[in-house]
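The structure appears below as structure tokens.
The values are calculated or read from the model by the stated rules, or taken from the named source; none is laboratory data. Source: prediction; values computed, not measured. Using ideal geometry, Cβ is built from the backbone for each residue, glycine included, and neighbour counts are taken over all protein chains shown.
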Amino acid sequence: MLRTKALLAAIGAALTLTTLGCSANSSDNTPATTAGGSSAASPAASSAAASSAAPAELNMLISKASTHGDYDTMLVWQEYEKISGIHINWNAVPDSDFAEKRNILLAGGSLPDAIFRAQLSNADLAARGGDGTFIPLNDLIDQYAPNFKKLMEDHPDVKKAITQADGNIYSLPYYSEFQSANYGYKMFANQVWMDKLGAKLPTTTDEFYDLLVAFKNGDSNGNGVADEIPLTAPGISAIVDSLKGFWGLGTRGGLVHPWVDIDESTGSLRFTPTDERYKSLLEYIAKLYKEKLLDPEIFTMDNAKLTAKGEANTVGAFVFANPVPIGNTHKNDYTGMNALKGPYGDQLIAAVNPLVRASGAFVITSADKYPEATMKWVDYWYSDEGSRLYLMGVEGKTYTKGADGTYQYVDEITNNPNGLTLDEAAGQYLAWPGGSFPGIQSSAYTKSGSSFPSAVAATELVKDHFPTEVWPEFTYTQEETDLLSSVGNDISTYIGEMRVKFITGEVPFTDWDKYVSTLNKMGLSQYMDAYSQAYERYSN
């Protein structure tokens, strides 16, 4: 059990601040700390500094994944309340409505003490930190968050990723050390079909094309009907992101920064959607689409459709983080694919997330009268014990520990009698499904779909082809944010629209120069100037 006397004593000693009922909104939005961690004289900071006991409760807004159960009865929160002595009044808003309702709440001024699974971008943090809604955490981390402070010391890129342009840290991140979870779009091929056809895993993009042709024409599922879908995914972005590294694109990770990377031949920033290699990539995908090697429904695909097609045994290859969405019947039929060598000789896996998966996972607002206690409360999730409690739960109730030291969920979670998926079953006790939590996704304690044996094996197969550096989300000044939110959004929308038109043949590739010219007229140079400034700050 996590709740040992020693742990209780340690947490109890740490949480020595005043009792708190329901926190009211503070009328003074002066930050509690300043850039560089110097103290400021805000009412929240001064009242907490004078405190002598822990608050009885805190109010927190949280984004609730569809797989989560009732927070008032959820095991992880009940157990941590015993450990910390602090009750959390949760305002749980479904993920689907969270961003809108969070923004309305913040604009209205009726603030919670903190926001958990906050889903805040660096632009949000810069704006709400700058206006005093979120307090700087520099001093609080230094004095009251030993676990997170150690993470920053051990991994300096963490601090770079969460420090805003004004020098302040306004949030704590979701950090993942689990490589299989960070490899966002894995490519899986149907080994049963390949065995029947006498085919092998491809090593080049040309061989991959040949395999898809074989899947389509070989009655691979043996039902006598030409119903095979050689390649599919839950959306066209998964296809593009999984393949673009083989064209030498996405050299700093192609998920957080889908349009910008470093051109390895020049060492300079590159806008990939106007590059000739990107054109070549789209031509390849267009060929797959035209020959019905790529799912005709690729532009409207989702997880549910992927599961239905997988259960029908019609899928030859697919792209996803793990094999679970292909359905229970055939998920063991698939094996991870190699890093393919592309037409320019590249063999890069670009669909990789940074270790800092989400910079804005937890914030403390100006309404919190006890920010020290709140920081200590959240810092626990960055400890080994906290990570185990958050991801695994309580020994004997949600998991067992084997003689070899490994951790496994109890049968009620892995083979739920009510037919719940692993995420759904775990979500009745634990809050990790959906990710984006403030804490560490540990490889030892992660038992999600990314820990499925074929997902781990797929990662091991290609990990040497990951980018040497994967950029987290950059931080931006307000001026840069304004430009990227206007010009940048228009550019991204246009790229997405034209990608579909090129792939489907609605617009011929002979119109490529016209497409590039349109992007330039939309303000591409200003877009890249803002990106360049943010990159320079990150690099220095």
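Do we have any residue at all in the range 133-140 that's more than 15 Å from I364 (Cβ to Cβ) and of a type in the set (D, E, K, R)? So far as the range 133-140 goes, no, none of its residues is more than 15 Å from I364 (Cβ to Cβ) and of a type in the set (D, E, K, R). Taking the range 72-118 as the range and being of a type outside the set (D, E, K, R) and under 22 Å from the mean Cα position of the chain (by Cα) as the test, the residues that pass are V76, A92, V93, P94, S96, F98, A99, N103, A114, I115, F116, A118.
Within the range 435-446, being buried (at least 21 other Cβ atoms within 10 Å of the Cβ) and either among the hydrophobic types (A, V, I, L, M, F, W, C) or at pLDDT below 90 (or both) holds for F437, I440. State the number of residues belonging to the range 222-265 that are over 23 Å from T493 (Cα atoms) and surrounded by fewer than 21 Cβ atoms within 10 Å (Cβ to Cβ). Qualifying residue count, the range 222-265: 9. Scanning the range 63-81 for residues that are part of a helix (DSSP H, G or I), free of Cβ contacts under 8 Å to residues at least 60 places away in the same chain and touching a helix residue (DSSP H, G or I) at 6+ places or on another chain (Cβ under 8 Å) turns up nothing. Filtered by the rule that a residue be among the β-branched types (V, I, T) and either out of contact with any Gly (no Cβ under 8 Å at 6 or more places or on another chain) or over 15 Å from P438 (Cα atoms) (or both), the range 61-89 gives I62, T67, T73, I83, I86, I88.
Counting only residues that are of a type in the set (G, A, S) and buried (at least 24 other Cβ atoms within 10 Å of the Cβ), which one in the range 363-385 is farthest from H68 (Cα to Cα)?
So the first thing to find is which residues in the range 363-385 are of a type in the set (G, A, S), and the list is 366-367, 373, 383.
Now restrict to residues that are buried (at least 24 other Cβ atoms within 10 Å of the Cβ): 366, 373.
Values: S366: 28, A373: 26 Å.
Here the answer is S366.
Scanning the range 162-171 turns up no residue that is without any contact (Cβ under 8 Å) to a residue 12 or more places away in the chain and out of contact with any strand residue (DSSP E or B) (no Cβ under 6 Å at 6 or more places or on another chain).
Listed here are the residues, each with its yes/no results for (1) surrounded by fewer than 16 Cβ atoms within 10 Å (Cβ to Cβ); (2) assigned to a helix (DSSP H, G or I); (3) without any contact (Cβ under 8 Å) to a residue 40 or more places away in the chain; (4) out of contact with any Phe, Trp or Tyr (no Cβ under 9 Å at 6 or more places or on another chain).
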site: V456; (1), (2), (3), (4): no, yes, no, yes
site: E460; (1), (2), (3), (4): yes, yes, yes, yes
site: E469; (1), (2), (3), (4): yes, no, no, yes
site: G488; (1), (2), (3), (4): no, yes, no, no
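Residue-wise test of (1) outside the structural domain of G85 (by TED's automatic domain parsing); (2) on the phi > 0 side of the Ramachandran plot.
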| site | (1), (2) |
| --- | --- |
| D302 | yes, no |
| L306 | yes, no |
| N313 | yes, yes |
| K331 | yes, no |
| G345 | yes, yes |
| Y370 | no, no |
| V394 | yes, no |
| G402 | yes, no |
| V410 | yes, no |
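Looking at the range 114-125, which of its residues are surrounded by 22 or more Cβ atoms within 10 Å (Cβ to Cβ) and either in contact with a helix residue (DSSP H, G or I) (Cβ under 6 Å, 6 or more places away or on another chain) or on the phi > 0 side of the Ramachandran plot (or both)? Across the range 114-125, the qualifying residues are A114, R117. Being among the aliphatic types (A, V, I, L, M) and closer than 19 Å to A351 by Cα holds for only one residue in L293, L243, L197, L201, and it is L243. Y538 falls short on exactly one of the conditions (1) buried (at least 16 other Cβ atoms within 10 Å of the Cβ); (2) over 23 Å from the mean Cα position of the chain (by Cα); (3) under 26 Å from N353 (Cβ atoms), and that condition is (2). Within the range 471-480, being out of contact with any helix residue (DSSP H, G or I) (no Cβ under 6 Å at 6 or more places or on another chain) and part of a helix (DSSP H, G or I) holds for Q478, E479. Inclusion of A425 among residues that are touching a residue at least 60 places away in the same chain (Cβ under 8 Å) and either crowded, with 20+ Cβ neighbours inside 10 Å or outside any loop (DSSP other than H, G, I, E, B) (or both) is not warranted. The strands (runs of 3 or more DSSP E) found wholly in the range 169-235 and carrying at least 2 residues that are within 30 Å of P472 (Cα to Cα) and among the aromatic types (F, W, Y) occupy 172-176.
So which residues in the range 490-514 are in a loop (DSSP other than H, G, I, E, B) and either in contact with an Asp or Glu (Cβ under 9 Å, 6 or more places away or on another chain) or not acidic (D, E) (or both), if there are any at all?
Once the filter is applied, which keeps residues that are in a loop (DSSP other than H, G, I, E, B) and either in contact with an Asp or Glu (Cβ under 9 Å, 6 or more places away or on another chain) or not acidic (D, E) (or both), the range 490-514 yields G505, V507, P508.
Of the residues making up the range 276-327, those that are among the β-branched types (V, I, T) and either more than 26 Å from the chain's Cα centre (by Cα) or in a strand (DSSP E or B) (or both) are T314, V315, V319. For the range 436-445, residues that are closer than 19 Å to Y80 by Cβ and assigned to a loop (DSSP other than H, G, I, E, B) total 5.
So, S492, is that one more than 26 Å from F318 (Cα to Cα) and in the same structural domain as N520 (by TED's automatic domain parsing) or not? When the stated conditions are applied, S492 does not pass them. Being modelled with pLDDT of 95 or more and either assigned to a loop (DSSP other than H, G, I, E, B) or not assigned by TED's automatic domain parsing to the domain that holds T329 (or both) is a description that applies to L389. Residue count for the range 471-480, restricted to those that are surrounded by 20 or more Cβ atoms within 10 Å (Cβ to Cβ), among the charged types (D, E, K, R) and out of contact with any strand residue (DSSP E or B) (no Cβ under 8 Å at 6 or more places or on another chain): 1. Residue-level analysis places S96 outside the set of residues that are part of a loop (DSSP other than H, G, I, E, B), exposed (fewer than 15 other Cβ atoms within 10 Å of the Cβ), out of contact with any Gly (no Cβ under 6 Å at 6 or more places or on another chain) and modelled with pLDDT under 95.
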